[in-house]
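Written below as C-alpha cells is the structure these notes are about.
The values are calculated or read from the model by the stated rules, or taken from the named source; none is laboratory data. Being a predicted model, the structure only gives us computed values, none of them experimental. Backbone-built Cβ (ideal geometry, glycine too); neighbour counts: all protein chains shown.
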Amino acid sequence: MMVDAGGDPDTPRPRTGPLVAAFIALVALASCELWVIGLTAGRAARITALAGLLMAKVGLVLAFFMRGRANRRASWLVLTAIGLATGAAVVLMLDTVFRVTLL
C-alpha cells in the first residue's frame, strides 16, 4: 500500500535521529580501531583495546539497528553472552602472547 507524499497524520513516523547518531558513533569507533592498530603499545594492550572497541560496536548494533531494546531480557542475555565470549577470547589471546614471549 502506497502512501502519498503528505502521509497519514495518524501513522507514527520513524525517528531517524538516534539511528544517525548510532551510525556516526560506529564510524568513530571504526576510526578508533584504525588508530589503535597504529599505536606503538604492546601487542597485548592493542588486542585488549580492540576487543573493547568490538564490544562497544556490538552493543550499538544490537541496541539501535537490531532494536534490541524492544525485548530487554533477550538483549541482556545476548549482550552477556557476547561479553563473556569476548572476555574469554581476550584472556586466551593474552595467555598465548605471554607463553610465546617467554619461550
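One table, with the values for the structure above:
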quantity	calculated
Segment 16-35 residues that are more than 11 Å from LEU50 (Cα to Cα), paired with ones that are modelled with pLDDT under 90 (beta carbon under 7 Å, 6 or more apart)	PRO18/PHE64; LEU19/PHE64; ALA22/LEU60; ALA22/PHE64; ALA22/PHE65; ALA25/LEU60; LEU26/LYS57; LEU26/LEU60
Qualifying residue in segment 81-89 (condition: in contact with a helix residue (DSSP H, G or I) (Cβ under 7 Å, 6 or more places away or on another chain) and either buried (at least 16 other Cβ atoms within 10 Å of the Cβ) or of a type in the set (Phe, Trp, Tyr) (or both))	no
Filtered residues of segment 27-44 (kept if hydrophobic (A, V, I, L, M, F, W, C) and out of contact with any helix residue (DSSP H, G or I) (no Cβ under 9 Å at 6 or more places or on another chain))	VAL27, ALA28, LEU34, TRP35
Filter pass, ALA49 being part of a helix (DSSP H, G or I) and at pLDDT 75 or above	yes
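Quick grid of which residues meet (1) at pLDDT below 65; (2) part of a helix (DSSP H, G or I); (3) more than 30 Å from LEU92 (Cα to Cα):
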residue: MET1; (1), (2), (3): yes, no, yes
residue: PRO9; (1), (2), (3): yes, no, yes
residue: LEU19; (1), (2), (3): no, yes, yes
residue: ALA25; (1), (2), (3): no, yes, no
residue: ALA30; (1), (2), (3): no, yes, no
